[in-house]
Every structure is written in C-alpha cells, then in structure tokens.
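Undergrad: Take a look at the following structure, please.
The values are calculated or read from the model by the stated rules, or taken from the named source; none is laboratory data. Please read all numbers here as calculations on a predicted model, not as lab measurements. To get the accessible areas, we keep the full protein, side chains included, count just its heavy atoms, and leave off ligands, DNA and RNA. Shrake-Rupley method; radii C 1.70, N 1.55, O 1.52, S 1.80 Å.
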Amino acid sequence: DTLYILSARAYAACLRSRLSSNVRPHKTPMHVLLRIGERNGEPKFEPVHGNLISGNRYQLLHSPGLAYGLAAGDEIELDSDGNYTVLTRAGNLAVRFLCPNGVVNVEERLTAQVAEIGGRLDGRVRNGHAYTIPISAGRETVGRIFAKAKRETPGGQWEYGNVYEVDGKLMGWLRSEA
C-alpha cells in the first residue's frame with residue numbers, strides 16, 4: 001500500500017466518485033479520506049483503506065502513516081470535511097518508522113521482527129513505513145524493536161501514531177495498559 005497526501009481538489013473529486021460514496025455499504029475496501037491538516041491554506045488528506053459500516057461510520061483496515069490517534073481495526077465517524085472521531089478501539093498500536101535517507105535497508109529485518117510479535121507492515125513510502133501491532137505485544141517490546149532499528153539506521157526515527165495526545169500525555173484508551 002502507498003500513502004498519499006491529497007489536495008482539497010483531489011478530495012472533492014474522490015467525494016464525487018463511486019469509491020467514496022458513504023450512502024450505501026461496500027463489500028470491498030474503499031479509501032477513507034482522513035484530514036491531516038493544511039498546507040498553504042488548503043486542507044490535506046490521507047486515504048486509508050476501510051470498510052463502510054453504515055452512514056459515515058467506517059472500520060479502518062490499515063493504520064495510517066500520517067493521521068494521528070487511530071490504528072487498523074478502529075471504528076471511526078467521518079464528517080464531510082474529513083475530520084474523524086474514534087468510536088471504538090481495536091486494541092492495536094500504529095507505529096511509524098521514518099528516515100530521510102530511505103527505509104529500504106531496514107524494511108525486511110524490521111518487518112520480520114514486527115511479524116514475530118503479531119504485527120504487520122500496513123503502508124510504505126520511500127522514507128517511511130506504517131505498522132500495526134497488537135497492544136498485547138507490549139509497548140516495551142515494541143519500543144525495544146524500533147529503538148534498535150533507529151540505532152541501526154542513520155537518521156532513522158520512530159513514533160507511535162495513537163499512543164500520545166498532542167500535549168504528550170498517554171491517550172485515555174491506554175491509561176489502563178500503562
């Protein structure tokens with residue numbers, strides 16, 4: 001899977017297309033367009049595969065690479081501007097590994113280590129990967145794996161996509177796991 005950033009014009013085109021219709025249930029995955037911010041005054045979106053549950057409710061099939069606060073399996077409500085609210089957590093961690101020099105050299109080894117703890121690679125671009133890992137694997141284990149990949153990759157960085165609030169505090173759904 002490839003991660004994209006869409007302009008407002010591309011988002012509007014997707015809204016008019018069959019793929020983004022949120023009126024009738026889909027039997028196949030579709031792109032759910034998540035608003036990730038603005039650039040030059042224009043809203044930007046990340047398409048993530050999801051299944052329509054009903055109305056404007058979706059279940060994400062993959063963890064996003066850019067949008068924060070959600071992971072694969074979560075059920076969300078999406079408004080017409082692409083803003084989302086998580087309704088139900090699936091118990092997965094979204095983890096990103098990024099490097100300005102590219103992540104190809106670490107992909108095979110890191111992805112194998114993630115698979116060993118029940119996780120998977122959900123998306124990739126030249127400079128980054130998005131992974132989904134069950135919370136049952138433990139944040140300490142996840143941290144060790146990604147810290148090692150960071151040490152072995154010059155310029156490498158990693159982050160959780162759905163563990164911390166903007167202020168750095170642990171998100172509410174994880175407080176009981178701490």
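Undergrad: From largest accessible area down, sort TYR131, TYR160, TYR84; use a 1.4 Å probe on the protein chains.
TA: Numbers: TYR131 0, TYR160 30, TYR84 60 Å².
My answer, sorted largest first, is TYR84, TYR160, TYR131.
Undergrad: Please list the three semi-axes, largest first and in whole Å, of the ellipsoid equivalent to region 97-154, using sqrt of 5 times the eigenvalues of its alpha carbon gyration tensor.
TA: On the way: eigenvalues 68, 31, 15 Å².
Each semi-axis is √(5λ); the values are 18, 12, 9 Å.
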